[in-house]
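One structure is given below, encoded as structure tokens.
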Amino acid sequence: TTTKQDETTTKQDETTTKQDETTTKQDETTTKQDETTTKQDETTTKQSETTTKQSETTTKQDETTTKQNETTTKKQDETTTKQDETTTKAELKITSFKAETSSDDIAPGDIISLKAVTEDADGTVKYRFIAVNQDGDTEIIKNYSKSSSVDWIPTEAGVYNVYVYAKDDSTVVKAKIKSVEVYDELIVKRFTMSKSSKKAKVGKKISLAVVGAGGSGRYKFKFAYRLGSTKAKTISGYKTKKIVSWTPKKAGTYKLRVYIKDRVTGNVVSKTVKYVVKKK
């Protein structure tokens, strides 16, 4: 009996040993599982770190993009501001400058009305008018004032360049008017014959000569005559020749007339003299 009990005990011990081995194996399996879990945790941690780094990189990219957007916006705003300032600060311009007279033939003492028109002014506009003659002498017609017009009365004949200066709070501009020509009064200075009155005879050639003065100095001449109450007849039509020949065919008292026409202004003046022609 005792031997059987011992065998039974031995079998129980073997069973216990096997159970212990099984437990050990389970413990080893559990340990491996724990190691696997630890590795998974480490992998998860690394993934989390990688994700965190990616998030940081994305954040930096977002910051860079934000800065770029701010820089672009700032530059665009500055450009727009400069464009607005350029548009706002348009420079003063003289759009019109005229000289008006009562006639195209301007003589010393005539009134010439000068008028300027401006636009895009920055503040108050002031005007200055001057005239420069062919010798370079300058006449201040009117110094800077708020008036955009002035009446100018030239006292001497000549060719003038007339200027207007306009200035506002930031700009000074100048405009030149077309040259203004001022002429002395056109006159017939002399009208002479090669033979004096009463010494001329029918059929004898006579030279008629004229000298003009004033105006532009560029003339054409016309010569005519009238005998008594008869109709006037032309000796020579308008030409640049100032000396012509005339041969009277009848005796009597003539009215000889010369005309001077200014080729620039178109003005005409004339002079008449009585002239007696005797028979041969």
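Every number here is computed from the coordinates shown, using simple stated rules; none is lab data. Small disclaimer: the values here were computed from a predicted structure and weren't measured. We place every Cβ from the backbone using ideal geometry, glycine too, and count neighbours over all the protein chains shown.
Which links in Lys199/Lys255; Lys242/Lys278; Lys199/Lys233; Lys98/Lys189; Lys189/Lys250 stretch past 27 Å when you go from one Cα to the other? Walk me through the numbers before you get to the answer.
Numbers: Lys199/Lys255 15 Å; Lys242/Lys278 25 Å; Lys199/Lys233 22 Å; Lys98/Lys189 34 Å; Lys189/Lys250 29 Å.
Check vs 27 Å cut-off fails for Lys98/Lys189; Lys189/Lys250.
Count charges around Tyr163 for me, please; just the other residues with Cβ under 9 Å from its Cβ, Lys/Arg as +1, Asp/Glu as -1. With Lys, Arg at +1 and Asp, Glu at -1, the neighbours total +3. Taking amide H as placed 1.01 Å from N in the peptide plane, Lys195 has its amide H under 5 Å from the amide H of Ser207, each at least 5 places away in sequence or on another chain.
By the Cα gyration tensor, region 127-280 has an equivalent ellipsoid whose semi-axes, rounded to whole angstrom, run 51, 12, 11 from largest to smallest. Whole-percent P(r), region 223-269, all Cα pairs, 10 Å bins from 0: 23, 49, 23, 5. The spread of Cα positions in region 186-268, taken along each principal axis and listed from longest to shortest, comes to 38, 24, 17 Å.
Over the Cα atoms of region 152-227, Rg to Rh with Kirkwood Rh, two decimal places? Intermediate results must be reported in sequence, preceding the final value.
Details: Rg = 23.4 Å, Rh = 17.3 Å.
Using only Cα positions, Rg/Rh for region 152-227 is 1.36.
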